[in-house]
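**Q** One structure, as C-alpha cells, below. Some questions next.
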Amino acid sequence: MTVRNPAAPRPLDPAKFRDPATTARGERRASVAPAGLRTLWINTGTLCNIACANCYIESSPRNDALSYITAAEVAAYLDEAIGLREPLEEVGFTGGEPFMNPQLPAMLADVLARPGLSALVLTNAMQPMRRYAPDLLALRDRFGVDRLTIRVSLDHPDATPHDVERGEGSHAKTLEGLVWLAREGFRIHVAGRAGFGGDEVAMRAGFARLFADHAIPVDATDPVALMLFPEMDATADVPEITDACWGILHKSPDSVMCATTRMVVKRKGAARPAVVACTLLPYDPQFELGATLAEALRPVALNHPHCARFCVLGGAACSR
C-alpha cells in the first residue's frame, strides 16, 4: 500500500506569493471580497493530545502558540455577528484538539441555544473527547442532534497509513470514538486525506467498507459527509491565482472559503482574540484582519500557496 507519493514535489519558486497585489509574472493577483459571513470558525487553542507528522497548524501536547479561547470571548463574537446582521449559519470549532479546551461544552451550548445556528466540531475522537462524554450526551438530550455535527479526522480507512501520520494505535482509538458517537446517535462526518495515494473512488470504497463493518452511518459517496482534503505543503510549487483564473477555471470568487468564512484565534500572551481570513492561515500576519468581525470583513488577497492549492485548485473548504 502506498502511503505517500514517493516523487518529491518541485520546490516553490521563491518569487511567488511575495506581493499581495501582483504575482511573480506581474499579473494582478486575485482577491476575494466578503459575500456575507456564513461560517465563523473558532480556534480553541493549538494544544492537542497527539503530534501529527504533517499538521498544518503544528498542534501538539506542547504547542500553545494559540491559547485557549474562553466562552465569554466566543459569545462576544456571536453577539457582534448578530449585531452586524451577518447571515451566520454555522460556528465551527477547530484546534489543536477542541476537546482539550475545558470551556468547549459551554461554547457549544451557547451556539446551539441561539436560533438558526448550527455547530461543527473537528476532533480526533480520542481520549479528550471521551472525557466529555457526559457533556456531549447532555447537549444531545437538550438540543437534539440535527444542529450539532462532529467531524472526526480519520486520514485513511486502513490503520497503517493513518498511524504513520498520527502515531501507532491512533486509528484504533479514533475508530473507537467514532463508533461511540454513532451508537449514541450523534450526527457524524469524517475527514480523510486525499494525499495518501490511490484514487478517490478507491478511498471512498475503503471508507464505505469500514463504515459498514462498524455500523457508522456516514455516506462515503457524499463529499460533505466524507471530506477528502488535499495535502497542504507550502514549500511545494503551485500556480499563483490571478484575476483571469476565475474565467479560465470557471469558478466564482464567492465559492472560495474566505468569501463567507472567518476564524477567531487567541494568540499566546495577547490581550484579546483576533480575526484571521480562514482556518488555514492562523500564523501569517498578512491574513490577520483585525480584532473585530467588522474590521475583518474586507477583501482577502490570495497571497499564499494554500489559497491556490487547497481552495481554488483543490476546490476544498473546511465547512459545507
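Quick note: the coordinates plus some simple rules give every number you see, no bench work behind them. Values in this document were obtained by computation on a predicted structure and should not be read as measured data. In this analysis, Cβ positions are derived from the backbone assuming ideal geometry, glycine residues included, and neighbour counts consider all displayed protein chains.
**Q** Which length gain, in nm to one decimal place, applies between residue 35 and residue 249 when the Cα-Cα distance is subtracted from 0.36 nm times their residue separation?
**A** Contour length minus the Cα-Cα distance gives 75.1 nm.
**Q** Using modelled amide H (1.01 Å from N, peptide plane; none on Pro or chain starts), what sits under 5 Å from the amide H of residue 120, excluding residues fewer than 5 places away?
**A** Long-range HN contacts for residue 120: 91, 92, 93, 149.
**Q** Another one. Please report the antiparallel percentage of the DSSP beta bridges confined to the chain, to the nearest 5. Don't skip to the answer; put the middle values down first.
**A** Details: 11 of 39 bridges.
Around 30 percent antiparallel, to the nearest 5.
**Q** With each pseudo-label sitting 7 Å past Cα toward Cβ, what's the residue 145-residue 272 distance in nm, one decimal?
**A** 4.0 nm
**Q** Then there's this: So which residue, out of 48, 258, 245, gets the largest mean-square fluctuation from a GNM of the chain using Cα contacts under 10 Å as springs?
**A** 245
**Q** With n ≥ 4 as the cut-off for DSSP H runs, can you work out [θ] at 222 nm for the chain, using -39500 (n - 2.57) per run divided by the number of residues, rounded to the nearest 500? Numbers along the way, then the final one.
**A** Details: 9 runs with 84 residues, N = 320.
Computed ellipticity for the chain at 222 nm equals -7500 deg cm²/dmol.
**Q** Run the numbers on the chain and let me know its relative contact order in percent, using alpha-carbon pairs under 8 Å that are six or more apart.
**A** After rounding, I find 24 percent.
**Q** Using each residue's phi in the stretch 106-111, evaluate 6.51 cos²θ - 1.76 cosθ + 1.60 at θ = phi - 60° and report the 3J(HN,Hα) Karplus result to the nearest Hz, with x for Gly and Pro.
**A** Per-residue couplings from phi come out as 5, 5, 4, 4, 4, 4 Hz.
**Q** So, by mean Cβ neighbours within 10 angstrom, what's the order for 59-72, 17-30 with the highest one leading?
**A** Highest-to-lowest ranking by the protection proxy: 59-72, 17-30.
**Q** Here's something else I'd like to know. Counting other Cβ atoms within 10 Å of each Cβ, which chymotrypsin sites (Phe, Trp or Tyr not before Pro) in the stretch 233-320 have at most 15 and sit in a DSSP loop? It would help to have the intermediate numbers written out before the result.
**A** Working: sites: 246, 283, 287, 310; in loops: 283.
Passing both the DSSP loop test and the Cβ count: 283.
**Q** First measure r as the distance between the Cβ atoms of residue 158 and residue 19, then evaluate 1/(1 + (r/R0)^6) with R0 = 41 Å and state the FRET efficiency to the nearest 0.05.
**A** It comes to 0.40.
**Q** Same structure again: Give me log10 I(q)/I(0) at q = 0.11, 0.12 Å⁻¹ for the stretch 31-313, Debye formula, one equal scatterer per alpha-carbon, no solvent.
**A** So the normalised log intensities work out to -0.64, -0.77.
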